[in-house]
Amino acid sequence: MRWHRWWSSCGSRSGPGSAEYAELCADVRYSCTSGMLLCLSRPLRLAYLLGDLMGMTDVEGAAICDTTPAAYRQRLARARATMRGVIADRCGWSAPPTHAGAASSSPAASTTAPGGCGR
């Protein structure tokens, strides 16, 4: 994904204005991540944070969520699917328009995202 390369490169630029660029990237990371996480229900958000961001196993995540490993894996799969949908629907970095006449892929261009996030 192109946005991932940009996201990962934030803060690694050198030259004039690099401190400002790093600060801008940090702000974008925080805002974008917070907005996407709000599209998940609380149980899915917890599973996503534990599994994808903290790297916990299904056994560890299930213990924290007070559920079975199978149920935890299902929550994590649903959370990942919702996040992929939100990114594909709203993030211009991951799904740029295919031609000049295509609709804008900015957040303002879409009113509803998968998972019921229509903010």
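What the table shows:
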| quantity | calculated |
| --- | --- |
| Test: residue in the range 16-33 that is at pLDDT below 85 and not in a helix (DSSP H, G or I) | yes |
| Qualifying residue in the range 50-57 (condition: at pLDDT 95 or above, touching a Gly at 6+ places or on another chain (Cβ under 7 Å) and in a helix (DSSP H, G or I)) | yes |
| The range 27-76: number of residues that are surrounded by fewer than 13 Cβ atoms within 10 Å (Cβ to Cβ), over 19 Å from Arg90 (Cα atoms) and of a type in the set (Gly, Ala, Ser) | 2 |
| Yes/no for Leu40 being at pLDDT 80 or above and under 12 Å from the mean Cα position of the chain (by Cα) | yes |
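The values are calculated or read from the model by the stated rules, or taken from the named source; none is laboratory data. The model shown is predicted, which means the values in this text are computed figures rather than measured ones. Positions of Cβ are backbone-derived with ideal geometry, glycine not excepted, and every protein chain shown enters the neighbour counts.
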